[in-house]
1. Return yes or no: is Thr215 surrounded by 14 or more Cβ atoms within 10 Å (Cβ to Cβ), assigned to a helix (DSSP H, G or I) and modelled with pLDDT of 80 or more?
2. Identify all residues within region 322-343 that are within 30 Å of Tyr62 (Cβ to Cβ) and among the charged types (D, E, K, R); write none if there are none.
3. With respect to Ala239, determine if the residue is under 25 Å from Ala366 (Cα atoms), at pLDDT 70 or above, of a type in the set (Gly, Ala, Ser) and surrounded by 12 or more Cβ atoms within 10 Å (Cβ to Cβ).
4. Consider Glu70 against the criteria (1) free of Cβ contacts under 8 Å to residues at least 40 places away in the same chain; (2) surrounded by 12 or more Cβ atoms within 10 Å (Cβ to Cβ); (3) touching a helix residue (DSSP H, G or I) at 6+ places or on another chain (Cβ under 7 Å): it satisfies all of them except one. Which criterion is unmet?
5. When the residues of region 242-262 are narrowed to those that are aromatic (Phe, Trp, Tyr) and at pLDDT 80 or above, which ends up nearest to the chain's Cα centre (by Cα)?
6. Could you please let me know if Lys184 is modelled with pLDDT under 95, assigned to a helix (DSSP H, G or I), within 30 Å of Ser400 (Cβ to Cβ) and not hydroxyl-bearing (Ser, Thr, Tyr)?
7. State all residues of region 218-263 that are of a type in the set (Ser, Thr, Tyr) and either over 30 Å from Ile331 (Cα atoms) or out of contact with any Cys (no Cβ under 6 Å at 6 or more places or on another chain) (or both); if no residue qualifies, say none.
Amino acid sequence: MEPLAKLELIDEVQRLGLKYQFELEIKDALNAVYSNTNNGWPYDDDLYATALRFRLFRQHGYHAPEDVFERFKDEKGEFKASLCEDVKGMLSMYEASFFGFEGESNIDEAKIFSTKSLMALKTSTSGSFGRKIEHALDMPIHWRLNRLEARWFIDAYEQEQHMNPTLLQLAKLDFNMLQSIYQKEVRKLARWDITGIDKLPDMIKTILLAMYNTTNEIGYWTMKEKGFNIIPYLRKEWAKLCKVYLTEAKWYHKGYKPRFEEYLDNAKITMEALDYIDKLPTIMHCCSLIVRLTNDLGTSLYELARGDNLKAVQCYMNERGVSEEVGRQHINDIVHKTWKTMNEAMVGDYPFSEPFLSASPNLARASQFFYHHGDGHGAPGSETKGHLMPLLLQPITVIS
């Protein structure tokens, strides 16, 4: 199989939600493509192929230099205007640009250029590419929850002229199988017993029991499979988180308006669970910051209306004397920058499984989803429900 065909198949398998089924095969295929890169890349002038390779290499922790996009610039150092006619290439470049690191000017320029190009193409492109452009501009693949993306992509892939019917059938069956598991988990959550904590306020009972049960369940399975008691570390981190909330509660009751940096410092959830890990605190800090800021962007107006603390947007507005629009843009810029930091921290050799390392970025993705169109968690509207209903309640029709 040609290198590009391998990469396309890997991308399709991942977006169909089947990555966990073929992890070894994906790694072997990427190793083969990466090893052969030293012998030359036969698609140097193909923007779509070059961006796809860059994205998959970065996603899986391979070295992928930003200068691969230099050849698509003109003598002025700007991306060639003719590239805008390549819709497939623009989409590929756009998605790749969200895997950039801090300080990579080529990737920053690629993001700006591809975003502007796709915005211009959005109104004049219909059919499959039109839907892909709209989907991408709403949120890039890298920031999307895998299962929600799989549900969307299964429908999109079915309309592709050269789709693999066997792969599509497998994706549908797999989706329905996992959906049945999710339904069982939801039923278990609904059966939690809170009779043992009657002395607490009603609003705290379910939260505390959920924390207690989840922490002990994680500790049980970790002890059973790894022989390591992680519960003390988990309790320590829950205590830190509760102190963060306590500080916010004190601010609220005292009417205190924290400075922007003070607000962010308190929002950090510094994870030091295992003392010998170097980069994980960076990954976890980035995750906590993204969760905090996306939450603020989505909920600040709702929460302020009911008398809650000032959020990051308002703290920045008060400190700098700027408009809400400027404040929100500043917070969005921090979110983008934090993703870059997390992208770089995720690249490296770790003695941990992929699911363990993916926990933090997946939590950040969940926050991006819930707060992308307002408060999708505290006050879920039709947008959030429209995504969750197919995921949890509506199986995909499978034709034998």
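The values are calculated or read from the model by the stated rules, or taken from the named source; none is laboratory data. In this text, all values refer to a predicted model and were calculated from it rather than measured experimentally. Cβ coordinates were reconstructed from backbone atoms using ideal geometry, including for glycine residues, and neighbour counts include every protein chain displayed.
1. Values: surrounded by 14 or more Cβ atoms within 10 Å (Cβ to Cβ): yes; assigned to a helix (DSSP H, G or I): yes; modelled with pLDDT of 80 or more: yes.
Yes; evaluated as a whole, the condition is true for this residue.
2. If the condition is that a residue be within 30 Å of Tyr62 (Cβ to Cβ) and among the charged types (D, E, K, R), then Asp333, Lys337, Lys340 are the ones that fit.
3. no
4. (2)
5. Here is the first cut: in region 242-262, the ones aromatic (Phe, Trp, Tyr) are 245, 251-252, 256, 260.
Filter once more, so that each one left must be at pLDDT 80 or above: 251, 256, 260.
On the way: Trp251: 31, Tyr256: 33, Phe260: 25 Å.
The qualifying residue nearest to the chain's Cα centre (by Cα) is Phe260.
6. The answer is yes for Lys184.
7. Tyr220, Thr222, Tyr233, Tyr245, Thr247, Tyr252, Tyr256
For every residue, the table says whether it meets (1) free of Cβ contacts under 8 Å to residues at least 60 places away in the same chain; (2) assigned by the TED database to the domain that holds Ile334; (3) outside any helix (DSSP H, G or I).
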| residue | (1), (2), (3) |
| --- | --- |
| Val13 | no, no, no |
| Ile26 | yes, no, no |
| Ser35 | yes, no, no |
| Trp41 | yes, no, yes |
